[in-house]
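Worksheet: one structure, shown below.
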Amino acid sequence: MDKRQLYDNFIAIEEEMKRMLSSFETIKSDMTGVLENNAELEIENQHLRERLSEIERQTSKDFNESSDANLSKSRQNLEKLYDQGFHVCNIEGMYGSRRVDDEPCAFCLDLIYGEREI
């Protein structure tokens, strides 16, 4: 290999390195934008979760206040038992047994909140 070819190879490698450096700078800039956007979205998600929790607490409070006013004393007692994780329905002898993983029970809910005679 002569000196001219060696020099041309160094120039070609230098040009390739410049292109790679330019590419790296572009990728770095894009990555910075993505990370900033991600941080903004995480903050917004946290604010939305807090707001949702606040709304759920308020809705639950309003629901409990309205349901307590509309429920008879015996249904309020059943509601308390149900909220503690127990069945209050009499389907297949389930009354008083613990609800698995506090899963909702349509029969219990119907018994507590179903149509009421006034």
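So here's what we get for this one:
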{"read-out": "Ellipsoid equivalent to the range 71-118 - semi-axes via the Cα gyration tensor, in Å", "value": "18, 11, 9"}
{"read-out": "Förster radius 22 Å - calculated FRET efficiency between Gln58 and Lys80 (Cβ-Cβ, nearest 0.05)", "value": "0.55"}
{"read-out": "Sequence-distant aspartates and glutamates (8 or more away, or on other chains) whose Cα lies within less than 19 Å of Lys28", "value": "Glu16, Glu36, Glu40"}
{"read-out": "Asn90-Phe10 pseudo-label distance in nm [points 7 Å out on the Cα-to-Cβ vector]", "value": "9.9"}
{"read-out": "Computed [θ] at 222 nm, helices only, for the chain once each DSSP H run of length n ≥ 4 contributes -39500 (n - 2.57)", "value": "-26500 deg cm²/dmol"}
{"read-out": "Assigned charges on the beta-carbon of Lys, Arg, Asp, Glu; the chain dipole about Cα centre (debye)", "value": "260"}
{"read-out": "Ala106-Met31 FRET efficiency (beta carbon distance; Förster radius 41 Å; 0.05 resolution)", "value": "0.25"}
{"read-out": "Shape call, the chain: gyration tensor on alpha carbons, a/c limit 1.5", "value": "prolate"}
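Bear in mind these aren't lab numbers, they're just calculated from the coordinates by the rules spelled out. Worth saying up front: this structure is predicted, and the values here are computed from it rather than measured. Here the Cβ is made from the backbone with ideal geometry for all residues, glycine too, and neighbour counts use every protein chain on show.
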